[in-house]
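To keep things clear, I will list the structure first and then write my remarks on it.
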Amino acid sequence: VAFTYRESIYFQRYRRRMHDELLRWQIGDVTITSVPESSDPTSPKFMFSSIDKVEVLDLRNKSPWLAPFVGEKGHLLQKIHCCVIDTGDERIAVDTCVGNDKQRGNPLWHEQQGPFLEALADSGYSTESITHVICTHLHVDHVGWNTRLIDGQWVPTFPNAEYLFVGTEFDHWSTTEDLFGDPVFEDSVAPIQDAGLASLVKSDHTIGEFVRFESTPGHTPGHVSVRIESEGEKAIITGDMAHSPIQIARPELSSSFDTDPDLARETREEAFARWADGETLIIGTHFGTPTAGTMHIDGDSYRLDTDL
């Protein structure tokens, strides 16, 4: 990914002042913890071909609830984080970020040496305590900490976990080159299968009593979101069916990285109609802090209320 010098300096300054705390939400008897890896301002043109910074600022002015998610220059304020769902019986890591030591074309992600595992431990979870790993899909920033580099070999980061991959998604990326030509499948997915820890499941898979997959295809062929329900309370971890809250204000916006933009748009329209009940907690996989809120109908569109 190419950045101008001015944007690179802006990114560095932004990263220096961003210190994302561990966020926690309670859904009935289930605790969901956000463990951040990085927070970065993103050019809207990088994510969406049909909207620029001026239009993003105009959208923010028309929809003031977007203010926490839009920078002063019109950048999208986004993060990469892993959600740990703790049901008491299961400790489920959802989307394992970019990872360290990976060879990546994006200079912000290349051979990272970040403190993610320390942040995970600080949140109360050792790598050995994780019972399941869910990847909503198999893009570079959702599978990286599936593995870590030890003595020159990629080995599973969570040795006691069952790693769950939707079969449609696994089959697609096992035969399709990564978007940026990075060896993502080779270093972050195949070693899990080789270690005997991978389970290929359907897009309506359930884990225990409280967690199930919700099929949300379009961004990738087998993309899923994750639904949590306990004691009458509900939450959704979106995955990349929505990259930014601006897509809640404008659901028609499909990402430049969507495999099937039309299907992704149709998926958002159907999902948002279900989720906009004012009660379900929507946790955005790339939404900057505050990251989560309840969705409400707002005229002919929607808004995210983060005043929880």
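The values are calculated or read from the model by the stated rules, or taken from the named source; none is laboratory data. Nothing here was measured: the structure is a model prediction, and the numbers come from that model. Don't worry about glycine lacking a Cβ; one is built from the backbone with ideal geometry, like all the others, and counts go over all protein chains shown. Areas reflect the complete protein model, heavy atoms only, side chains present, ligands, DNA and RNA absent. Shrake-Rupley method; radii C 1.70, N 1.55, O 1.52, S 1.80 Å.
Worth pointing out:
- Total residues in segment 273-308 satisfying the condition of being out of contact with any Gly (no Cβ under 8 Å at 6 or more places or on another chain), of a type outside the set (D, E, K, R) and either surrounded by 18 or more Cβ atoms within 10 Å (Cβ to Cβ) or on the phi > 0 side of the Ramachandran plot (or both): the figure is 13.
Each row is one residue, and each column tells you yes or no for (1) polar (S, T, N, Q); (2) over 27 Å from D89 (Cα atoms).
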{"site": "N160", "(1), (2)": "yes, no"}
{"site": "T168", "(1), (2)": "yes, yes"}
{"site": "H172", "(1), (2)": "no, yes"}
{"site": "L179", "(1), (2)": "no, yes"}
{"site": "V184", "(1), (2)": "no, yes"}
{"site": "V189", "(1), (2)": "no, no"}
{"site": "G196", "(1), (2)": "no, no"}
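- Residue within segment 239-254 that is over 27 Å from G71 (Cβ atoms) and either crowded, with 24+ Cβ neighbours inside 10 Å or in contact with a helix residue (DSSP H, G or I) (Cβ under 9 Å, 6 or more places away or on another chain) (or both) present: no
- One residue alone among D187, D151, D182 is touching a Phe, Trp or Tyr at 6+ places or on another chain (Cβ under 8 Å) and either touching a residue at least 12 places away in the same chain (Cβ under 8 Å) or open to solvent by 10 Å² or more (accessible area, probe 1.4 Å) (or both), and that residue is D187.
- Contacts under 8 angstrom Cβ, first residue in segment 261-272 being open to solvent by less than 10 Å² (accessible area, probe 1.4 Å), partner of a type in the set (A, V, I, L, M) and assigned to a helix (DSSP H, G or I), 6 or more apart: A264/M241; R268/M241; A271/M241; F272/I248
- Residues (farther than 17 Å from S301 by Cβ and either without any contact (Cβ under 8 Å) to a residue 40 or more places away in the chain or in a strand (DSSP E or B) (or both)) located in segment 55-70: L57
- Some residue of segment 25-42 being closer than 21 Å to D182 by Cβ, open to solvent by 30 Å² or more (accessible area, probe 1.4 Å), in contact with a Gly (Cβ under 8 Å, 6 or more places away or on another chain) and modelled with pLDDT of 95 or more: yes
- Restricting attention to segment 178-205, the residues being under 22 Å from T87 (Cβ atoms), within 19 Å of the chain's Cα centre (by Cα) and among the hydroxyl-bearing types (S, T, Y) number 1.
- Count of segment 187-229 residues, restricted to those that are part of a loop (DSSP other than H, G, I, E, B) and basic (K, R), is 1.
- Selection status of R60, within 19 Å of Y163 (Cβ to Cβ) and open to solvent by 50 Å² or more (accessible area, probe 1.4 Å): no
- Every residue from segment 87-100 that is more than 21 Å from H137 (Cα to Cα) and open to solvent by 20 Å² or more (accessible area, probe 1.4 Å): G88, D89
- From the list G167, G124, the lone residue that is in contact (Cβ under 8 Å) with a residue 24 or more places away in the chain, more than 24 Å from T206 (Cβ to Cβ) and surrounded by fewer than 20 Cβ atoms within 10 Å (Cβ to Cβ) is G124.
- Odd one out for G196, checked against (1) more than 29 Å from P44 (Cα to Cα); (2) out of contact with any strand residue (DSSP E or B) (no Cβ under 9 Å at 6 or more places or on another chain); (3) surrounded by 17 or more Cβ atoms within 10 Å (Cβ to Cβ): (3)
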